């Protein structure tokens with residue numbers, strides 16, 4: 001059966017690569033369309049767009065790869081069934097485990113790849129993406145804001161400068177921030193300078209005023225004069241959480257997640273946003289999700305073999321099993337993602353993250369064993385029937401030869 005195992009492994013492996021590339025391409029296009037404003041409104045090059053979308057792929061690959069393996073396994077088993085190869089294999093005395101071995105080997109390769117992405121590739125890509133986003137925010141005023149023009153890099157946020165000198169100093173700066181209805185602020189400054197410090201980007205304004213209105217139109221406007229005032233540019237991008245220097249759970253490696261789980265969350269009012277990122281519950285959920293997600297490839301393969309890997313006599317029955325298998329895989333993964341949200345709130349839910357894929361593995365193996373016993377029983381029955389027919393044929397031939405001379409005499 002080694003030839004058959006290599007045949008199944010090669011066929012399913014090539015199909016997996018094709019399906020994975022197709023799904024990755026769809027995800028990449030969706031990311032590119034979502035980040036298209038980086039080129040259109042932020043004045044960045046197409047290369048920056050490609051870098052940002054590509055660096056965002058690893059985390060999605062870890063999610064779509066098990067589904068790609070599920071689709072591949074179903075396709076391979078359906079083709080083997082359609083060509084009657086499974087029927088021939090069963091008739092020759094082989095069991096479903098003959099098909100499980102090469103598919104399980106492919107699942108093991110996928111599990112190793114997902115583990116590498118979860119623990120190494122994804123955190124590295126998110127850190128690189130954070131640096132690029134920081135650079136985009138730093139270049140916000142130097143590239144997008146043109147002298148004499150009103151620019152709105154974000155809804156409710158408007159910039160205007162009179163001129164920009166060769167050293168990068170901004171003159172005649174006006175910034176209107178109306179992103180919050182109950183807090184509208186307008187900054188007017190004679191000069192402004194961009195400064196990078198500790199991984200963050202800041203706009204230092206000099207010799208100006210702040211017009212601030214809180215509560216609504218009925219409230220009076222406050223006028224605050226300043227000699228120097230700094231604005232954190234991290235707050236100008238709502239899609240990126242505040243606290244650029246603080247690593248989020250998905251940006252941390254294994255050791256950093258373990259360390260974050262053991263630390264108490266910050267409760268300082270000045271670090272309210274940062275405390276949310278330091279939540280040990282999110283660290284715990286991220287860590288266990290990385291380990292539990294690597295079990296789904298094996299679960300999906302065994303589910304496909306248990307539901308589609310048996311010899312089917314009718315095409316309609318085969319298609320119904322294929323649809324049920326795919327829906328079961330989607331429901332299984334959605335259940336794992338739902339439990340992951342619960343784990344961030346309650347540590348007692350951690351075992352359920354592993355119980356979902358492990359239960360699918362155990363149930364699938366039981367179904368495979370039961371199907372194998374039924375196949376063996378059917379094979380034994382066929383053997384008995386064949387032996388009975390052969391015995392009857394021998395008896396007929398033997399007694400027929402003896403009866404022939406007696407008939408000739410008469």
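Considering the conditions (1) over 30 Å from residue 33 (Cβ atoms); (2) buried (at least 21 other Cβ atoms within 10 Å of the Cβ), residue 83 is excluded by exactly one of them, (2). Within the stretch 158-185, being at pLDDT 80 or above and within 36 Å of the chain's Cα centre (by Cα) holds for 158, 177, 178.
The values are calculated or read from the model by the stated rules, or taken from the named source; none is laboratory data. Only a predicted model underlies this, so the values are computations on that prediction, with no experimental measurement involved. Don't worry about glycine lacking a Cβ; one is built from the backbone with ideal geometry, like all the others, and counts go over all protein chains shown.
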